[in-house]
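S.K.: Input: one structure, supplied below.
The values are calculated or read from the model by the stated rules, or taken from the named source; none is laboratory data. Nothing here was measured: the structure is a model prediction, and the numbers come from that model. Ideal geometry is used to build each Cβ from the backbone, glycine not excepted, and the neighbour counts take in all protein chains shown.
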Amino acid sequence: MAYRFRADRSLSRAFKDFSIGFKPNPNTEDFTVVKNENAIKQSIRNLVSTGYTERPFQPKKGSRLRQMLFEPFDVFVGEEIKEEIRNVVTRFEPRVGLNDVRLFPDRNDENTLHIEIDYTIIGETLVQSVEFLLERA
């Protein structure tokens with residue numbers, strides 16, 4: 001009798017990633033980790049801020065956001081940026097279902113965009129949110 005294994009996308013699991021700072025844990029001297037919701041928030045932030053060809057051995061993982069930030073900002077560029085964020089999160093973060101992406105240009109600094117991404121972790125009902133800034137370098 002053959003067993004069938006199937007991935008159930010409606011089941012939530014525990015998630016664990018390395019902390020982006022790579023600071024050692026003071027007790028174990030090992031890398032610190034981020035867990036569950038914080039791991040997913042860190043992953044989404046990294047995906048959005050990573051450009052193509054930046055990751056070794058994964059040249060197609062990333063987004064065009066850095067290039068888009070140098071376009072004169074208007075409604076159409078804002079919609080393109082939202083669509084790029086939707087695409088990168090949908091393609092590369094299978095642990096979440098994307099709900100909404102919002103952009104707010106900074107009135108004091110035209111080189112900064114405030115980004116809010118609402119998502120639901122697969123298998124859960126609570127809507128999570130991650131907020132961060134994108135700035136032209």
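S.K.: Would you point out the residue of region 41-74, among those that are among the charged types (D, E, K, R) and crowded, with 16+ Cβ neighbours inside 10 Å, that is nearest to the chain's Cα centre (by Cα)?
M.R.: The selected residue is R45.
S.K.: Please verify whether region 59-81 includes one or more residues that are of a type in the set (F, W, Y) and under 27 Å from N36 (Cβ atoms).
M.R.: Step one: list which residues in region 59-81 are of a type in the set (F, W, Y), which gives 70, 73, 76.
Among the residues that remain, those that are also under 27 Å from N36 (Cβ atoms) are: none.
The answer is no, given that none of the residues of region 59-81 is of a type in the set (F, W, Y) and under 27 Å from N36 (Cβ atoms).
S.K.: Which residue out of L103, L98 is within 30 Å of N36 (Cβ to Cβ), modelled with pLDDT of 90 or more, of a type in the set (A, V, I, L, M, F, W, C) and touching a Leu at 6+ places or on another chain (Cβ under 8 Å)?
M.R.: L103
S.K.: Select from region 111-128 the residues that are under 21 Å from I40 (Cβ atoms) and either β-branched (V, I, T) or not in a strand (DSSP E or B) (or both) and list them in ascending order.
M.R.: Of everything in region 111-128, those that are under 21 Å from I40 (Cβ atoms) and either β-branched (V, I, T) or not in a strand (DSSP E or B) (or both) turn out to be I115, I117, T120, I121, I122, G123, E124, T125, L126, V127.
S.K.: When region 95-110 is examined, which residues are found to be in contact (Cβ under 8 Å) with a residue 40 or more places away in the chain and assigned to a loop (DSSP other than H, G, I, E, B)?
M.R.: R95
S.K.: Sticking with this structure for a sec: Do you know which residues across region 106-130 are at pLDDT 95 or above and charged (D, E, K, R)?
M.R.: The answer is E116, D118.
S.K.: Could you grab me the full set of residues in region 55-94 that are in contact with a strand residue (DSSP E or B) (Cβ under 8 Å, 6 or more places away or on another chain), of a type in the set (D, E, K, R) and part of a helix (DSSP H, G or I)?
M.R.: Within region 55-94, R66, K82, E84, R86 qualify.
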